Structures are given as structure tokens and as C-alpha cells.
1. Given the conditions (1) crowded, with 17+ Cβ neighbours inside 10 Å; (2) touching a residue at least 24 places away in the same chain (Cβ under 8 Å); (3) not aromatic (Phe, Trp, Tyr), which single one is not true for residue 134?
2. Can you report the number of residues in segment 161-195 which are more than 11 Å from the chain's Cα centre (by Cα) and either closer than 24 Å to residue 32 by Cβ or not hydrophobic (A, V, I, L, M, F, W, C) (or both)?
3. Mind checking which residues of segment 2-35 are open to solvent by 70 Å² or more (accessible area, probe 1.4 Å) and more than 17 Å from residue 126 (Cα to Cα)?
4. Quick one: count up the residues across segment 182-196 that are touching a residue at least 40 places away in the same chain (Cβ under 8 Å), surrounded by 12 or more Cβ atoms within 10 Å (Cβ to Cβ) and part of a helix (DSSP H, G or I).
5. Within segment 82-91, identify whether any single residue is at pLDDT below 90, in contact with a Phe, Trp or Tyr (Cβ under 8 Å, 6 or more places away or on another chain), open to solvent by 70 Å² or more (accessible area, probe 1.4 Å) and not in a helix (DSSP H, G or I), and answer yes or no.
6. Before we move on, is residue 119 touching a Ser or Thr at 6+ places or on another chain (Cβ under 7 Å), crowded, with 20+ Cβ neighbours inside 10 Å and farther than 30 Å from residue 2 by Cα?
7. Quick check, is residue 166 in contact (Cβ under 8 Å) with a residue 60 or more places away in the chain, more than 18 Å from residue 14 (Cα to Cα) and part of a helix (DSSP H, G or I)?
8. So which residues in segment 93-116 are open to solvent by 40 Å² or more (accessible area, probe 1.4 Å), among the aromatic types (Phe, Trp, Tyr) and either free of Cβ contacts under 8 Å to residues at least 40 places away in the same chain or in contact with a Ser or Thr (Cβ under 7 Å, 6 or more places away or on another chain) (or both), if there are any at all?
Amino acid sequence: MNLNFFFKECIVFLREFAALCIPKTKSEKLFFLIISFVYLAFSRFFIFNTFMLDHPEVSHSTFLGFDTQYIMRRGYGNITAHPFMGFFSAPFAYIGNIFAVIFGYKAKTFFLVLICTYLVVQSQIIVRRYLLNIIGLGVRNSNILTIFFSVFASNFALAMAYESFTFSFFFLSIATYYFSIKLKDKKEITLASGLILGLSIGG
């Protein structure tokens with residue numbers, strides 16, 4: 001394969017990927033705002049009134065997962081399940097360190113929770129798109145199923161858990177929808193898209 005052609009495929013895919021990462025329609029934007037508000041209202045207590053997410057001394061989280069503490073502090077973990085977790089999470093952790101220096105350590109925790117909330121809620125929007133565009137359910141049924149899914153306890157936890165499950169959920173949702181819509185529309189799945197999404201999901 002021509003290397004220049006492969007890089008062009010990567011650029012095209014990254015544009016398609018970026019389009020999947022933002023709410024498009026008014027209903028998606030409304031869903032994003034409402035569910036994000038619900039999650040943040042729930043997580044606010046744990047951020048500002050406890051150390052369950054960012055205990056200064058406990059090296060492993062006793063609340064959300066084995067590697068949450070390492071990842072929140074350094075952007076990667078020794079026992080993280082995803083081999084590329086550091087590439088996904090470290091940049092946000094480093095930005096969080098800047099917030100911690102300027103506004104205090106809780107600002108970093110709040111920033112990382114915002115990232116997690118975005119990843120979880122956008123994943124649910126992708127699930128809604130899948131129900132509408134791939135399965136072909138009506139708007140009403142798709143909304144009911146998506147809302148039902150959004151109130152699962154695991155989603156509330158992932159919206160606060162800066163760890164591999166949150167990122168994997170996001171990439172898996174996008175990959176499932178992306179490949180499904182390509183197959184439905186009988187469009188080519190490029191090597192670049194398969195390679196990037198495959199590595200993003202499982203390394």
C-alpha cells in the first residue's frame with residue numbers, strides 16, 4: 001500500500017471520528033446536557049466532600065477500581081487493563097496537574113470527572129444513534145432505551161472513574177456504530193479506520 005494514501009485514509013477517518021465525538025442534533029444536545037447534569041450533580045458530592053476519588057495517601061482506589069488512583073495521579077497505571085491507556089489518559093492528567101497548581105488539587109479531580117462524564121454521555125449518544133440508524137427503532141423507543149441505559153449504576157460509576165473501562169466504553173461504542181453504519185451503507189472500511197479503532201479498543 002502507498003504510504004501517502006494510507007495517511008490520507010487516516011486523515012479522512014479522523015475527520016469522521018471527530019464528527020462522532022460531538023452531539024449533532026438538538027435532541028442529542030439536550031440529552032447530553034441533561035444526563036451530564038445528572039451525573040455531575042451525583043459526582044459533585046464525592047469530589048468535594050470525600051477523598052474516595054483522589055485520596056492523598058491510599059495508593060489504590062477502594063471505591064472505583066484497582067488502577068484509578070495511579071491513572072488520576074500520573075495518567076497511567078501499573079496494572080491497567082488497556083495497553084494504550086497512558087496515551088489516552090496522560091494528556092488529561094497533565095492538564096489536570098496545571099489546574100491543581102492554580103486552583104488546588106480538587107480542581108484536577110473535577111476536571112478529570114468532567115472528562116469521564118463526557119466520555120460516558122457521548123457513548124450513550126452513540127448508542128442512541130445505533131438504535132435509530134442501525135436497528136431502526138423509532139425516536140420514542142430509542143429515547144426510552146437510552147435513558148433506561150443511562151441510569152444504570154455502572155454508568156454513574158464510570159462517569160467518575162478515570163480508568164481504562166471509561167475509555168474502552170467510549171471507543172467500543174464508536175467502533176460498533178462506525179463499522180455498522182459503513183456496512184449498512186455498503187461503504188468501504190479502510191485499513192486506517194480498522195487499525196486505529198482496533199488498537200484503540202484493545203491494544
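The values are calculated or read from the model by the stated rules, or taken from the named source; none is laboratory data. Values in this document were obtained by computation on a predicted structure and should not be read as measured data. We place every Cβ from the backbone using ideal geometry, glycine too, and count neighbours over all the protein chains shown. Protein only, heavy atoms only, side chains kept; ligands, DNA and RNA dropped before computing areas. Shrake-Rupley method; radii C 1.70, N 1.55, O 1.52, S 1.80 Å.
1. The number of the failed condition is (1).
2. Residues in segment 161-195 being more than 11 Å from the chain's Cα centre (by Cα) and either closer than 24 Å to residue 32 by Cβ or not hydrophobic (A, V, I, L, M, F, W, C) (or both): 16 in total.
3. Within segment 2-35, 2, 3, 4, 5, 7, 8, 11, 12 meet the criteria.
4. Number satisfying all stated conditions: 4.
5. No, every residue in segment 82-91 fails to be at pLDDT below 90, in contact with a Phe, Trp or Tyr (Cβ under 8 Å, 6 or more places away or on another chain), open to solvent by 70 Å² or more (accessible area, probe 1.4 Å) and not in a helix (DSSP H, G or I).
6. Yes; evaluated as a whole, the condition is true for this residue.
7. No: the conditions fail for residue 166.
8. Answer for segment 93-116, where residues must be open to solvent by 40 Å² or more (accessible area, probe 1.4 Å), among the aromatic types (Phe, Trp, Tyr) and either free of Cβ contacts under 8 Å to residues at least 40 places away in the same chain or in contact with a Ser or Thr (Cβ under 7 Å, 6 or more places away or on another chain) (or both): 94, 99, 103.
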